[in-house]
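**Q** Dropping the structure in here first, questions after.
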Amino acid sequence: MRLDDSRESENVEDRRASGPRFGGRGTIGIGTIVLALVAMYFGVDPRVVLQMAEGPPVSEEQAPATRPPADDPQARFVAKVLGETEDTWGAVFQQDLNRRYVPPKLVLFRGATPTACGTGQTAMGPFYCPGDSKVYIDLAFFDELRSRFKAPGDFAQAYVIAHEVGHHVQHLLGISDQVDNLRRRNPSQANALSVRLELQADCFAGLWAQRANSARNILESGDVEEALNAATAIGDDRLQKQSQGYVVPDTFTHGTSAQRVRWFERGFKSGDIRQCDTFSATSL
Ligand SMILES: [Zn+2]
(Lines give C-alpha, C1' and ligand atoms only; values in the text may rest on other atoms or scores of the structure.)
Protein backbone atom coordinates (compact mmCIF):
# COMPACT_ATOMS: atom_id res chain seq x y z
CA MET A 1 0.00 0.00 0.00
CA ARG A 2 1.01 3.61 -0.62
CA LEU A 3 -0.08 5.63 2.39
CA ASP A 4 2.43 8.48 2.26
CA ASP A 5 -0.26 10.96 1.32
CA SER A 6 -2.89 9.53 3.63
CA ARG A 7 -3.76 11.42 6.78
CA GLU A 8 -3.75 9.70 10.14
CA SER A 9 -7.13 9.42 11.82
CA GLU A 10 -7.49 11.07 15.21
CA ASN A 11 -9.92 8.39 16.28
CA VAL A 12 -7.38 5.81 17.42
CA GLU A 13 -7.44 5.19 21.16
CA ASP A 14 -4.33 3.48 22.50
CA ARG A 15 -5.00 1.36 25.57
CA ARG A 16 -1.99 -0.89 25.15
CA ALA A 17 0.03 0.65 27.97
CA SER A 18 -2.71 1.54 30.42
CA GLY A 19 -5.38 -1.05 29.77
CA PRO A 20 -6.00 -4.15 31.83
CA ARG A 21 -4.16 -7.21 30.65
CA PHE A 22 -3.64 -10.83 31.57
CA GLY A 23 -1.15 -11.25 34.42
CA GLY A 24 1.60 -8.67 34.13
CA ARG A 25 1.30 -5.17 35.44
CA GLY A 26 -2.39 -4.80 34.68
CA THR A 27 -5.00 -3.93 37.24
CA ILE A 28 -7.34 -6.81 36.35
CA GLY A 29 -6.10 -10.33 37.05
CA ILE A 30 -6.87 -13.42 35.02
CA GLY A 31 -9.14 -14.73 37.79
CA THR A 32 -11.32 -11.69 37.43
CA ILE A 33 -11.50 -12.09 33.67
CA VAL A 34 -12.52 -15.74 34.01
CA LEU A 35 -15.11 -14.73 36.57
CA ALA A 36 -16.40 -12.06 34.24
CA LEU A 37 -16.63 -14.58 31.37
CA VAL A 38 -18.50 -17.06 33.54
CA ALA A 39 -20.80 -14.24 34.58
CA MET A 40 -21.44 -13.44 30.92
CA TYR A 41 -22.66 -17.00 30.34
CA PHE A 42 -25.11 -16.59 33.18
CA GLY A 43 -26.41 -13.31 31.91
CA VAL A 44 -24.67 -11.10 34.46
CA ASP A 45 -23.17 -7.94 33.07
CA PRO A 46 -19.41 -8.65 33.29
CA ARG A 47 -18.80 -5.03 34.20
CA VAL A 48 -20.54 -5.73 37.51
CA VAL A 49 -18.03 -8.47 38.34
CA LEU A 50 -15.09 -6.34 37.24
CA GLN A 51 -16.37 -3.53 39.41
CA MET A 52 -16.80 -5.81 42.42
CA ALA A 53 -13.26 -7.10 42.09
CA GLU A 54 -11.33 -4.02 41.15
CA GLY A 55 -13.27 -0.91 42.00
CA PRO A 56 -14.80 1.27 39.31
CA PRO A 57 -14.51 -0.15 35.80
CA VAL A 58 -12.64 1.70 33.11
CA SER A 59 -15.57 3.38 31.47
CA GLU A 60 -15.59 5.40 28.30
CA GLU A 61 -15.41 8.63 30.29
CA GLN A 62 -12.67 7.52 32.66
CA ALA A 63 -10.41 5.75 30.19
CA PRO A 64 -7.47 7.90 29.20
CA ALA A 65 -8.00 8.29 25.46
CA THR A 66 -4.31 8.21 24.64
CA ARG A 67 -3.14 8.76 21.08
CA PRO A 68 -0.60 6.19 19.91
CA PRO A 69 3.03 7.33 20.00
CA ALA A 70 4.24 8.96 16.79
CA ASP A 71 7.20 6.60 16.46
CA ASP A 72 5.06 3.42 16.38
CA PRO A 73 4.86 2.35 12.72
CA GLN A 74 2.12 -0.24 13.26
CA ALA A 75 -0.12 2.21 15.09
CA ARG A 76 0.51 4.87 12.43
CA PHE A 77 -0.42 2.36 9.74
CA VAL A 78 -3.69 1.59 11.52
CA ALA A 79 -4.39 5.33 11.94
CA LYS A 80 -3.81 5.93 8.22
CA VAL A 81 -6.05 3.07 7.13
CA LEU A 82 -8.73 4.29 9.53
CA GLY A 83 -8.31 7.80 8.09
CA GLU A 84 -8.80 6.37 4.60
CA THR A 85 -12.04 4.68 5.69
CA GLU A 86 -13.24 7.98 7.19
CA ASP A 87 -12.62 9.94 3.99
CA THR A 88 -14.14 7.24 1.77
CA TRP A 89 -17.24 6.55 3.84
CA GLY A 90 -17.68 10.27 4.47
CA ALA A 91 -17.94 10.76 0.71
CA VAL A 92 -20.16 7.71 0.13
CA PHE A 93 -22.58 8.79 2.85
CA GLN A 94 -22.73 12.34 1.56
CA GLN A 95 -22.88 11.60 -2.17
CA ASP A 96 -24.79 8.32 -2.33
CA LEU A 97 -26.90 8.30 0.85
CA ASN A 98 -27.30 11.99 1.59
CA ARG A 99 -26.35 11.37 5.21
CA ARG A 100 -23.53 12.34 7.53
CA TYR A 101 -20.94 9.69 8.34
CA VAL A 102 -20.02 9.51 12.01
CA PRO A 103 -16.72 7.62 12.17
CA PRO A 104 -16.03 4.90 14.74
CA LYS A 105 -13.25 4.99 17.30
CA LEU A 106 -10.59 2.30 16.98
CA VAL A 107 -9.14 0.93 20.22
CA LEU A 108 -5.74 -0.72 20.32
CA PHE A 109 -5.53 -3.07 23.30
CA ARG A 110 -3.50 -5.93 24.66
CA GLY A 111 -4.94 -9.04 26.28
CA ALA A 112 -8.29 -7.81 27.49
CA THR A 113 -10.22 -4.57 27.67
CA PRO A 114 -13.65 -3.46 28.86
CA THR A 115 -16.16 -2.63 26.12
CA ALA A 116 -19.87 -1.83 26.04
CA CYS A 117 -20.30 -5.39 24.70
CA GLY A 118 -18.51 -7.07 27.64
CA THR A 119 -14.84 -7.81 28.10
CA GLY A 120 -13.00 -7.77 24.78
CA GLN A 121 -10.23 -10.33 24.48
CA THR A 122 -7.38 -11.00 22.09
CA ALA A 123 -8.63 -14.52 21.41
CA MET A 124 -11.86 -13.11 19.94
CA GLY A 125 -9.93 -11.52 17.08
CA PRO A 126 -10.70 -7.97 15.94
CA PHE A 127 -14.32 -7.01 16.53
CA TYR A 128 -16.80 -4.13 16.42
CA CYS A 129 -19.01 -3.23 19.36
CA PRO A 130 -22.18 -1.37 18.28
CA GLY A 131 -22.86 -0.40 21.92
CA ASP A 132 -19.96 2.06 21.96
CA SER A 133 -19.34 2.33 18.17
CA LYS A 134 -15.74 1.18 18.56
CA VAL A 135 -13.52 -1.24 16.64
CA TYR A 136 -11.25 -3.26 18.95
CA ILE A 137 -7.94 -4.68 17.73
CA ASP A 138 -5.06 -6.36 19.49
CA LEU A 139 -2.23 -5.90 16.99
CA ALA A 140 -1.04 -9.40 17.87
CA PHE A 141 -3.81 -10.55 15.51
CA PHE A 142 -1.79 -9.28 12.57
CA ASP A 143 1.03 -11.63 13.60
CA GLU A 144 -1.53 -14.47 13.68
CA LEU A 145 -2.79 -13.44 10.27
CA ARG A 146 0.72 -13.67 8.89
CA SER A 147 1.97 -16.81 10.64
CA ARG A 148 -1.04 -18.98 11.50
CA PHE A 149 -3.38 -17.98 8.67
CA LYS A 150 -0.58 -17.48 6.11
CA ALA A 151 -2.03 -14.15 5.04
CA PRO A 152 0.85 -11.65 5.10
CA GLY A 153 0.92 -8.12 3.72
CA ASP A 154 -0.16 -4.65 4.73
CA PHE A 155 -3.29 -4.80 2.62
CA ALA A 156 -4.40 -8.02 4.33
CA GLN A 157 -4.33 -6.01 7.56
CA ALA A 158 -6.13 -3.08 5.94
CA TYR A 159 -8.86 -5.47 4.77
CA VAL A 160 -9.40 -6.65 8.36
CA ILE A 161 -9.76 -3.05 9.56
CA ALA A 162 -12.04 -2.18 6.63
CA HIS A 163 -14.23 -5.23 7.39
CA GLU A 164 -14.72 -4.07 10.99
CA VAL A 165 -15.46 -0.53 9.81
CA GLY A 166 -18.00 -2.20 7.48
CA HIS A 167 -19.82 -3.42 10.60
CA HIS A 168 -19.87 0.17 11.84
CA VAL A 169 -21.46 1.27 8.56
CA GLN A 170 -24.09 -1.47 9.00
CA HIS A 171 -24.74 -0.15 12.49
CA LEU A 172 -25.14 3.45 11.25
CA LEU A 173 -27.52 2.33 8.49
CA GLY A 174 -29.65 0.33 10.93
CA ILE A 175 -28.86 -2.94 9.16
CA SER A 176 -27.38 -4.70 12.21
CA ASP A 177 -30.43 -3.79 14.32
CA GLN A 178 -32.78 -5.19 11.69
CA VAL A 179 -30.74 -8.38 11.52
CA ASP A 180 -30.77 -8.69 15.33
CA ASN A 181 -34.56 -8.44 15.31
CA LEU A 182 -34.85 -11.02 12.53
CA ARG A 183 -32.52 -13.35 14.38
CA ARG A 184 -34.64 -13.15 17.50
CA ARG A 185 -37.80 -13.90 15.55
CA ASN A 186 -36.22 -16.75 13.52
CA PRO A 187 -33.60 -18.47 15.68
CA SER A 188 -33.18 -21.23 13.05
CA GLN A 189 -32.07 -18.56 10.56
CA ALA A 190 -29.63 -16.91 12.97
CA ASN A 191 -26.45 -18.32 11.41
CA ALA A 192 -27.63 -17.76 7.83
CA LEU A 193 -28.41 -14.11 8.66
CA SER A 194 -25.06 -13.71 10.32
CA VAL A 195 -23.35 -14.97 7.15
CA ARG A 196 -25.16 -12.33 5.07
CA LEU A 197 -24.13 -9.63 7.54
CA GLU A 198 -20.49 -10.74 7.41
CA LEU A 199 -20.40 -10.99 3.62
CA GLN A 200 -21.84 -7.50 3.39
CA ALA A 201 -19.00 -6.23 5.61
CA ASP A 202 -16.59 -7.90 3.15
CA CYS A 203 -18.35 -6.18 0.23
CA PHE A 204 -18.08 -2.86 2.09
CA ALA A 205 -14.34 -3.52 2.58
CA GLY A 206 -13.97 -4.05 -1.17
CA LEU A 207 -16.00 -0.93 -1.91
CA TRP A 208 -13.73 1.06 0.41
CA ALA A 209 -10.59 -0.26 -1.31
CA GLN A 210 -11.90 0.72 -4.74
CA ARG A 211 -13.06 4.21 -3.76
CA ALA A 212 -9.97 5.01 -1.66
CA ASN A 213 -7.75 3.84 -4.50
CA SER A 214 -9.47 5.94 -7.13
CA ALA A 215 -9.26 8.98 -4.82
CA ARG A 216 -5.67 8.59 -3.62
CA ASN A 217 -4.07 5.74 -5.55
CA ILE A 218 -3.24 3.72 -2.42
CA LEU A 219 -2.97 0.25 -3.99
CA GLU A 220 0.19 -1.37 -5.25
CA SER A 221 0.40 -4.49 -7.34
CA GLY A 222 -0.31 -7.57 -5.24
CA ASP A 223 -2.40 -5.68 -2.66
CA VAL A 224 -5.80 -6.97 -3.78
CA GLU A 225 -4.39 -10.49 -3.85
CA GLU A 226 -3.30 -10.02 -0.23
CA ALA A 227 -6.85 -9.14 0.78
CA LEU A 228 -8.34 -12.01 -1.21
CA ASN A 229 -5.81 -14.37 0.32
CA ALA A 230 -6.79 -13.15 3.80
CA ALA A 231 -10.50 -13.52 2.98
CA THR A 232 -9.78 -17.08 1.84
CA ALA A 233 -7.76 -17.84 4.96
CA ILE A 234 -10.46 -16.75 7.38
CA GLY A 235 -13.47 -18.30 5.62
CA ASP A 236 -15.53 -20.52 7.92
CA ASP A 237 -14.88 -23.66 5.87
CA ARG A 238 -11.14 -23.16 5.95
CA LEU A 239 -11.10 -22.36 9.67
CA GLN A 240 -13.26 -25.38 10.51
CA LYS A 241 -11.18 -27.72 8.39
CA GLN A 242 -8.08 -26.49 10.16
CA SER A 243 -9.52 -26.95 13.62
CA GLN A 244 -11.66 -30.09 13.28
CA GLY A 245 -10.82 -31.58 9.90
CA TYR A 246 -14.32 -31.37 8.41
CA VAL A 247 -16.84 -28.74 7.44
CA VAL A 248 -20.29 -28.13 8.96
CA PRO A 249 -22.09 -25.58 6.77
CA ASP A 250 -24.98 -25.00 9.21
CA THR A 251 -22.62 -23.60 11.77
CA PHE A 252 -21.10 -21.08 9.39
CA THR A 253 -21.36 -17.54 10.65
CA HIS A 254 -19.00 -15.67 8.29
CA GLY A 255 -19.34 -17.44 4.94
CA THR A 256 -17.04 -19.76 3.03
CA SER A 257 -13.70 -18.64 1.64
CA ALA A 258 -15.15 -18.47 -1.88
CA GLN A 259 -18.12 -16.39 -0.70
CA ARG A 260 -15.90 -13.96 1.19
CA VAL A 261 -13.70 -13.50 -1.87
CA ARG A 262 -16.73 -13.07 -4.15
CA TRP A 263 -18.32 -10.33 -2.04
CA PHE A 264 -15.07 -8.46 -1.49
CA GLU A 265 -14.57 -8.49 -5.26
CA ARG A 266 -18.13 -7.38 -5.91
CA GLY A 267 -17.60 -4.31 -3.72
CA PHE A 268 -14.17 -3.73 -5.21
CA LYS A 269 -15.24 -3.97 -8.84
CA SER A 270 -18.36 -1.84 -8.51
CA GLY A 271 -17.47 0.64 -5.76
CA ASP A 272 -21.24 0.85 -5.43
CA ILE A 273 -23.03 0.34 -2.12
CA ARG A 274 -26.15 -0.94 -3.89
CA GLN A 275 -24.13 -3.90 -5.13
CA CYS A 276 -23.57 -4.97 -1.51
CA ASP A 277 -27.14 -6.07 -0.74
CA THR A 278 -26.35 -9.57 0.47
CA PHE A 279 -29.81 -9.82 2.02
CA SER A 280 -31.66 -9.76 -1.31
CA ALA A 281 -29.12 -11.90 -3.13
CA THR A 282 -30.59 -15.25 -4.17
CA SER A 283 -27.19 -16.89 -4.18
CA LEU A 284 -24.24 -15.89 -2.09
ZN1 LIG B 1 -17.28 -9.48 10.80
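**Q** What fraction, in whole percent, of alpha-carbon pairs in the stretch 158-255 exceed 15 Å separation? Can you show the working numbers first?
**A** Values: 3152 of 4753 pairs.
Here the long-distance tail beyond 15 Å is 66 percent of all Cα pairs in the stretch 158-255.
**Q** Would you mind calculating the gained length between Val247 and Asp180 on full extension (0.36 nm times residue separation, minus the Cα-Cα distance), in nm to one decimal?
**A** Difference between extended and current length: 21.6 nm.
**Q** With bins 5 Å wide starting at 0, give me the P(r) of the stretch 69-220 over every alpha carbon pair, in whole percents.
**A** 2, 9, 17, 21, 22, 16, 9, 4, 1, 0
**Q** Can I ask one more? Between Gln94 and Ser194, 0.36 nm times their residue separation minus their Cα-Cα distance comes to what?
**A** 33.2 nm
**Q** Between Ala140 and Asn217, what length in nm is gained on full extension when 0.36 nm per residue of separation is reduced by their alpha carbon distance?
**A** Extra length available between Ala140 and Asn217 comes to 24.9 nm.
**Q** Right, next: With a ≥ b ≥ c the root eigenvalues of the C-alpha gyration tensor of the stretch 69-132, is it rounded (a/c under 1.5), prolate (a/b larger than b/c) or oblate?
**A** oblate
**Q** Also, quick follow-up: Can you list the aspartates and glutamates whose alpha carbon is less than 16 Å from that of Lys105, not counting same-chain residues fewer than 8 positions off?
**A** Within reach: Glu8, Glu10, Glu13, Asp14, Glu60, Glu61, Glu84, Glu86, Asp87, Asp132, Asp138, Glu164.
**Q** Follow-up question, since we're still on this one. Which lysines, if any, have their Cα less than 18 Å from the Cα of Lys150, not counting same-chain residues under 8 positions apart?
**A** Candidates past the 8-residue exclusion: Lys241.
**Q** Run the 1.4 Å probe and let me know the accessible area of Ile175, rounded to the nearest 10 Å².
**A** Approximately 30 Å² of Ile175 is accessible to the 1.4 Å probe.
**Q** Then there is this: Where does the charge balance sit around Ala123 when Lys and Arg score +1, Asp and Glu -1, over other residues with C-beta under 12 Å from its C-beta?
**A** -2
**Q** Which semi-axis lengths, in whole Å and largest first, follow from the square roots of five times the eigenvalues of the Cα gyration tensor of the stretch 111-158?
**A** Each semi-axis is √(5λ); the values are 23, 12, 7 Å.
**Q** Count charges around Leu228 for me, please; just the other residues with Cβ under 9 Å from its Cβ, Lys/Arg as +1, Asp/Glu as -1.
**A** Numbers: positive: Arg260; negative: Glu225, Glu226, Glu265.
That sum, taken over residues with Cβ under 9 Å, equals -2.
The values are calculated or read from the model by the stated rules, or taken from the named source; none is laboratory data. Computed from a prediction, not measured in an experiment: that's the story for all the values here. So basically every Cβ, Gly included, is an ideal-geometry build from the backbone, and we count neighbours across all protein chains shown. Ligands, DNA and RNA are excluded from the accessible area calculation, which covers all protein heavy atoms including side chains. Shrake-Rupley method; radii C 1.70, N 1.55, O 1.52, S 1.80 Å.
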